[in-house]
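Before any comments, here is the structure.
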Amino acid sequence: MASSALLMVSVLLILFLPFIPAISEWLRPTDVAPLPVRRNEINNLRYFADSFRQTIARMPAIDLPQLQKLQTDRTVRVSNNLHVVHRQLGADAGYPAATLEILQKKNGIVIFLHDACLPPDSHSQADLFAAADLRVGAGASLRACSAQGLITLGPDTVVHRWIDAPAIRVGSNAAIDGRITAVKEIDFSCGSRFIRAGAPSMRFGDCRNAAGPAPQAPSPRPRHILDDSAGQSAENRQDGDFVVRGAHRIRPGTTVFGSIKTYGDLQLGERSCVAGSLVSNRDIVLGQGCSVLGPVISQNDIVVGPDCRIGTPGSATTMVCRKLTIAAGCIVHGVITTLDGATVTARETRHGA
């Protein structure tokens, strides 16, 4: 009997043993503080690019001004994962085969000291840094890239992680699988695609006929609660913030001095203007020539017609949605974040007529 009881107690102790740490933490918590997360990782879309530049700046062997003065065309191996390309490309010159092989190595860094040009249909798996301008040939693919000058992506190029520069021109049908950011501006061509993008000015195609910036809304403002579009005023000027329990449509040419939130689909007629934000639980559709001052946020999809403007040059804003379709002729000032991607369509696309 004693041996049986001892065996049972031993089995119970073995079964109970894995629960001791959990019970101890439950009775006397030792880790109740929030996780230490840097603010930059959340709020700064250029976090990866900034970290990459800081890594290069801290390298003791990399002094960009001094290296640029060297008169050589060599590709120098600093370490197993770091190479410096001194070659200055002429009108018809290219990189030797050994340099192109280095670009294909994974987990490496390649620094171009002068204007750089990647050949068409090339595949670069190293992280690239260009101290001047960078041109990427048609059909080429990049892992990640940063430049101190202008980056020009040719047609059908692919960026798998991120790309950053003072200014970027994106060719037709190019795909940015990660994030694309610029200090000044990004120019997107028709057919190009991206997931996240951010710049003071993002232009989609020919923007000469884009709508002007939306005005500032007065404060304080009245608040209106509607069931649907039938309750809105017939006047072209509407003052106040609107909360709509169903779908809502703004008539063409209307200016709303306030924000709009809907529980259903939200549609803006052509040349309408909203001096606030747009928030919807469903789809948001902007007709041709619309302008919105504040954030445009949808829990579903956003469709933007030609010649629209989101934000202003002096007041960056944000767009958030599942999927974005934006027509050529639009300008967005700020940040675009999507879940399933954004696509730039041809100017002939018209919505919200």
**OP:** Any chance you could look up the accessible area of Thr75 with a 1.4 Å probe, heavy atoms only, rounded to 10 Å²?
**Re:** 40 Å²
Original post:
Counting Lys and Arg as +1 and Asp and Glu as -1, each charge on the Cβ, what is the dipole of the chain about the Cα centre in debye, to the nearest 20?
Top reply: 380 debye
**OP:** Quick one: accessible surface of Ser4, probe radius 1.4 Å, all protein chains present, in square angstrom to the nearest 10.
**Re:** 70 Å²
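Can you list the equivalent-ellipsoid semi-axes of the range 223-345, largest first and in whole Å, using the square root of 5 times each Cα gyration tensor eigenvalue?
Each semi-axis is √(5λ); the values are 21, 15, 13 Å.
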Subject >> Proximal aspartates and glutamates to Lys106, defined as alpha-carbon separation beneath 16 angstrom and excluding residues fewer than eight positions away on the same chain >> reply: Asp127
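Provide Rg over Rh for the range 46-183; use the alpha carbon set for both Rg and the Kirkwood Rh (inverse mean inverse pair distance).
0.93
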Original post:
Size of the dipole of the range 46-183 about the Cα centre, Lys and Arg at +1 and Asp and Glu at -1 on the beta carbon, nothing else charged, in debye to 20?
Top reply: 360 debye
**OP:** At q = 0.12, 0.13 Å⁻¹, work out log10 I(q)/I(0) for the chain with the Debye formula, treating every Cα as an identical point scatterer and leaving solvent out; two decimals please.
**Re:** -0.87, -0.95
Original post:
Label-point separation (nm) for Leu15 and Lys69, each offset 7 Å from Cα along Cα-to-Cβ?
Top reply: 7.9 nm
Original post:
In whole Hz, what ³J(HN,Hα) sequence does the range 167-176 give by Karplus (6.51, -1.76, 1.60; θ = phi - 60°), x for Gly and Pro?
Top reply: 8, 9, 10, 9, x, 5, 6, 6, 10, 10
Subject >> Ser79-Trp26 FRET efficiency (beta carbon distance; Förster radius 41 Å; 0.05 resolution) >> reply: 0.25
**OP:** Quick one: Debye curve from the alpha-carbon atoms of the range 151-292 only, equal weights, vacuum; give me log10 I(q)/I(0) at q = 0.18 Å⁻¹ to two decimals.
**Re:** -0.97
Original post:
Of the peptides 53-60, 11-18, how do they stack up when ordered by the mean number of other Cβ atoms within 10 Å, highest first?
Top reply: 53-60, 11-18
**OP:** Please label the shape of the range 171-215 as rounded, prolate or oblate, based on the square roots a ≥ b ≥ c of the eigenvalues of the alpha-carbon gyration tensor (a/c under 1.5 means rounded; beyond that, a/b larger than b/c means prolate, else oblate).
**Re:** oblate
Original post:
Heavy-atom accessible area per residue, the range 46-183, 1.4 Å probe: how many Å²?
Top reply: 47 Å²
Subject >> Among beta bridges that DSSP assigns inside the chain, antiparallel share in %, nearest 5 >> reply: 15 percent
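The values are calculated or read from the model by the stated rules, or taken from the named source; none is laboratory data. Here the structure is a predicted model, which is why all the values come from computation and not from measurement. Every residue, glycine as well, gets a Cβ built from its backbone with ideal geometry; the counts of neighbours run over all protein chains shown. Heads up: the accessible areas ignore ligands, DNA and RNA and are worked out on the full protein's heavy atoms, side chains in. Shrake-Rupley method; radii C 1.70, N 1.55, O 1.52, S 1.80 Å.
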